[in-house]
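Colleague: This is the structure I have questions about; it appears just below.
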Amino acid sequence: MKYIIGNWKMNMTAGEIVEFTRGVKKYKIPKNSPVQFGLAVPYVYLLGMAKLQGHVLIGAQNVSEHNNGAFTGEISAEMLADVGLDFCIVGHSERRTLFGETNEMINEKIKKLQEYQVLPLLCIGETEEEFTAGKTKEVLHEQLTKCLANINKEQEIIVAYEPVWAIGTGKTASIEIIKETTAFIKQELQSILGKLGTAVLYGGSVNPQNAPAILHCEGVDGALIGGASLDADKYMQIASTLF
Ligand code: 13P
């Protein structure tokens, strides 16, 4: 099974979502399809989406590291679970760089999600500067070790490798880099969690053209798609690579 997860970021209106849903329905998904679809949608549309979509995992893009209380503007893990969400993205590089999220905060968020049985989808990745300096593995090791410290190892998590320099830039990591880095991440996960089998996705400028090579790359368990997931045709063309 491979995950095809769209991250809508701060995009879409209710009308555009109706159009997107109509667009997706034009595609026939085979009964034995190996694809697990998912969409991470803005908070305001979550309730409607959670009720609408049966076979699509619906997730949020962020969660508070705090329990319910006086945190104006925040959304708790308890609330996400309460509206029936399946998963929640944590540690996206945009949240790290634009909103100052640290590995320690991300760790707290994962623990809160686990407490309420919402599947955490942890994003990790190096910046262009770190990539050029040959520090990718060092950075990923630190992110994984700190973000996953003392979490419940029995509960499932998903990890997405998203090189920051590949996000929204049209530049994708080469297949060699994706293969090598995914293998490294799986090794790290095995040593941190003491088990095999954690899904590792790739994210960063995935589109219908590069999807076949990426999704069939050894060790890649799916894709986390930004821009291309806003367009039903592109989203479904990426997925149909696997049908
Ligand atoms: P793009 O696919 O637009 O590069 O975004 C990737 C991403 O950030 C998904 O979380």
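Laboratory data are not the source of any read-out in this text; all were calculated from the coordinates shown. Quick caveat, the model's predicted, so the values are computed rather than measured. Backbone-built Cβ (ideal geometry, glycine too); neighbour counts: all protein chains shown.
Colleague: What do you reckon, is VAL24 within 26 Å of GLY204 (Cβ to Cβ) and in contact with a Gly (Cβ under 8 Å, 6 or more places away or on another chain)?
Modeller: So VAL24 fails the test.
Colleague: Further question: Only strands (runs of 3 or more DSSP E) wholly contained in segment 1-107 count here; list those with 3 or more residues that are out of contact with any Pro (no Cβ under 6 Å at 6 or more places or on another chain) and of a type in the set (A, V, I, L, M). Break it down stepwise before answering.
Modeller: On the way: elements: 2-7, 35-40, 57-60, 87-90.
It comes to 35-40, 57-60.
Colleague: What number goes with the only condition from (1) within 30 Å of THR13 (Cα to Cα); (2) among the hydrophobic types (A, V, I, L, M, F, W, C); (3) within 14 Å of the ligand (Cβ to nearest atom) that ALA173 does not pass?
Modeller: ALA173 satisfies all of (1) within 30 Å of THR13 (Cα to Cα); (2) among the hydrophobic types (A, V, I, L, M, F, W, C); (3) within 14 Å of the ligand (Cβ to nearest atom) except (1).
Colleague: Quick check on segment 128-147: of everything there that is hydrophobic (A, V, I, L, M, F, W, C) and surrounded by fewer than 24 Cβ atoms within 10 Å (Cβ to Cβ), which residue is farthest from the ligand (Cβ to nearest atom)? Let's see the steps before the verdict.
Modeller: Quick first cut of segment 128-147, residues hydrophobic (A, V, I, L, M, F, W, C) only: 131, 133, 139-140, 144, 147.
Next, from what is left, pick out any that are surrounded by fewer than 24 Cβ atoms within 10 Å (Cβ to Cβ): 131, 133, 139-140, 144.
Numbers: PHE131: 15, ALA133: 22, VAL139: 17, LEU140: 16, LEU144: 17 Å.
Within segment 128-147, the match that is farthest from the ligand (Cβ to nearest atom) is ALA133.
Okay, residues lined up against (1) closer than 25 Å to GLY6 by Cα; (2) of a type outside the set (Val, Ile, Thr):
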site	(1), (2)
GLU101	yes, yes
GLU154	no, yes
ALA166	yes, yes
THR181	yes, no
GLY197	yes, yes
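Colleague: Would you confirm whether or not segment 217-239 contains a residue that is aliphatic (A, V, I, L, M), over 24 Å from LYS9 (Cα atoms) and more than 10 Å from the ligand (Cβ to nearest atom)?
Modeller: At the first step, the residues of segment 217-239 found to be aliphatic (A, V, I, L, M) are 220, 223-225, 228, 230, 232, 236, 238-239.
Those still in the list that are over 24 Å from LYS9 (Cα atoms) too: none.
So far as segment 217-239 goes, no, none of its residues is aliphatic (A, V, I, L, M), over 24 Å from LYS9 (Cα atoms) and more than 10 Å from the ligand (Cβ to nearest atom).
Colleague: Name the single residue, out of those in segment 108-127 being outside any loop (DSSP other than H, G, I, E, B) and within 12 Å of the ligand (Cβ to nearest atom), that is farthest from the chain's Cα centre (by Cα).
Modeller: From segment 108-127, those outside any loop (DSSP other than H, G, I, E, B) are 108-115, 119-124; that's our starting set.
Subsequent filtering for residues that are within 12 Å of the ligand (Cβ to nearest atom) retains 121-124.
On the way: LEU121: 5, LEU122: 6, CYS123: 6, ILE124: 10 Å.
Among them, the one singled out is ILE124.
Colleague: Can you work out which of the residues in segment 190-216 that are within 10 Å of the ligand (Cβ to nearest atom) and in contact (Cβ under 8 Å) with a residue 60 or more places away in the chain is farthest from PHE87 (Cα to Cα)? Spell out the reasoning first.
Modeller: Going residue by residue through segment 190-216, those that are within 10 Å of the ligand (Cβ to nearest atom) are 201-207.
Going one step further and asking which of them are in contact (Cβ under 8 Å) with a residue 60 or more places away in the chain, we end up with 201, 203-204.
Working: LEU201: 14, GLY203: 17, GLY204: 20 Å.
So, considering only residues that are within 10 Å of the ligand (Cβ to nearest atom) and in contact (Cβ under 8 Å) with a residue 60 or more places away in the chain, the one farthest from PHE87 (Cα to Cα) is GLY204.
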